[in-house]
Amino acid sequence: MGEIRTIGIVGAGQMGNGIAHVCALAGYEVLLNDVSPDQLTAALSLIDTNLGRQVSRNRISEADKAAALKRISTTLKLSDLGQSDLVIEAATERETVKQAIFEDLLPHLKPETILTSNTSSISITRLASRTDRPEKFMGFHFMNPVPVMQLVELIRGIATDEETFASCKSVVDRLGKTAATAEDFPAFIVNRILMPMINEAVYTLYEGVGSVRSIDESMKLGANHPMGPLELADFIGLDTCLAIMNVLHDGLADTKYRPCPLLTKYVEAGWLGRKTERGFYDYRGEVPVPTR
Ligand code: NAD
């Protein structure tokens with residue numbers, strides 16, 4: 001089993017910047033790629049801020065922060081990731097986007113490089129089957145926000161070999177995180193359970209059983225959840241929630257996964273949650289105000 005020293009990350013959005021942050025802090029050399037130079041600049045500045053927060057809380061030292069930042073290089077050229085021992089793809093959740101990335105990237109990779117995807121819901125086996133290395137391909141699913149959340153789901157495709165799994169598990173261990181092994185079925189474990197709950201909360205709103213506030217308060221105070229389900233949906237992004245419900249609905253062909261029409265309506269309106277400043281709450285003022 002070759003040692004993993006350099007990690008290539010494709011996509012420098014919400015997830016990619018967090019993954020770069022934790023990998024660099026754990027001592028890996030990181031190559032961060034995006035199609036947008038602005039995303040790369042924003043990612044570096046956010047990583048700097050987030051590492052700074054860890055310094056101010058005495059979790060890491062100034063020297064750890066400086067060393068981590070030095071280990072991160074950014075590039076607009078996917079071919080630069082050719083020297084990586086492990087690639088984690090964390091680009092937009094669209095299968096055609098991910099496929100095009102793998103197609104461009106594969107000719108540049110070493111034969112032993114492990115290829116992984118941070119996808120929340122797309123079939124790992126299907127993504128792997130279109131590469132030259134299905135046995136060295138798997139799902140490496142971080143949770144958001146990456147520096148804070150302890151869990152990583154490791155998803156084996158049907159062809160993934162043991163050595164690949166063991167290498168990825170050793171990376172999760174070195175990051176100080178905990179791996180949960182999931183089989184490759186729609187939405188894996190966390191989202192298979194979480195998204196139907198969020199979808200049910202939207203149905204509860206849609207049917208007038210409760211208001212945004214009463215639904216969130218009920219689950220916080222009645223079920224001891226740190227965040228209400230609608231608040232959490234806004235945090236994740238309503239487009240992402242809808243995309244995952246569609247994957248569950250299509251992949252498992254069970255009507256219990258039918259996306260709530262009200263969730264679809266919010267997405268059609270472009271009210272996608274925090275990232276667009278409006279979702280189940282309106283974030284444009286001093287405090288979030290329910291939109292229903
Ligand atoms: P995002 O929209 O914040 O970031 C996606 C990034 O990918 C953008 O910076 C975009 O410019 C870049 N990109 C698009 N096409 C590219 C290409 N061809 N080459 C390089 N970069 C490209 O999305 P995100 O929330 O960071 O999600 C990324 C992945 O992580 C998705 O697969 C998503 O399902 C998964 N994920 C998201 C969450 C979450 O809570 N948001 C949690 C776990 C996993």
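Points worth noting:
- Residue in region 3-17 that is farther than 21 Å from Ile122 by Cβ, aliphatic (A, V, I, L, M), in contact with a Pro (Cβ under 8 Å, 6 or more places away or on another chain) and at pLDDT 95 or above present: no
- In region 155-240, counting only helices (runs of 4 or more DSSP H) that sit wholly within it, the ones holding 2 or more residues that are under 23 Å from His21 (Cα atoms) and β-branched (Val, Ile, Thr) span 162-174.
- Of all residue pairs spaced 6 or more apart or on separate chains, none has beta-carbon atoms under 8 Å together with a first member in region 228-244 that is outside the structural domain of Ala90 (by TED's automatic domain parsing) and without any contact (Cβ under 8 Å) to a residue 24 or more places away in the chain and a second member that is assigned to a helix (DSSP H, G or I) and within 11 Å of the ligand (Cβ to nearest atom).
- Conditions (1) farther than 30 Å from Asp184 by Cα; (2) open to solvent by 60 Å² or more (accessible area, probe 1.4 Å); number of the one not met by Thr291: (2)
- Residue within region 207-214 that is in the same structural domain as Gly270 (by TED's automatic domain parsing), more than 18 Å from the chain's Cα centre (by Cα), open to solvent by 60 Å² or more (accessible area, probe 1.4 Å) and in contact (Cβ under 8 Å) with a residue 40 or more places away in the chain present: yes
- Scanning region 14-53 for residues being over 18 Å from the mean Cα position of the chain (by Cα), open to solvent by less than 40 Å² (accessible area, probe 1.4 Å) and more than 9 Å from the ligand (Cβ to nearest atom) gives a total of 5.
- Lone unmet requirement of (1) of a type in the set (Val, Ile, Thr); (2) in a helix (DSSP H, G or I); (3) more than 20 Å from Asn144 (Cα to Cα) for Val287: (2)
- Filter result (assigned to a helix (DSSP H, G or I), out of contact with any strand residue (DSSP E or B) (no Cβ under 9 Å at 6 or more places or on another chain) and of a type outside the set (Asp, Glu)) within region 241-254: Leu242, Ala243, Ile244, Met245, Asn246, Val247, Leu248, His249, Gly251, Leu252
- In region 255-268, the residue that is nearest to the ligand (Cβ to nearest atom) out of those that are open to solvent by less than 60 Å² (accessible area, probe 1.4 Å) and part of a loop (DSSP other than H, G, I, E, B) is Pro259.
The values are calculated or read from the model by the stated rules, or taken from the named source; none is laboratory data. Since we're looking at a predicted model, the values are computed, not measured. So basically every Cβ, Gly included, is an ideal-geometry build from the backbone, and we count neighbours across all protein chains shown. Note: areas computed on protein heavy atoms with side chains; ligands, DNA, RNA excluded. Shrake-Rupley method; radii C 1.70, N 1.55, O 1.52, S 1.80 Å.
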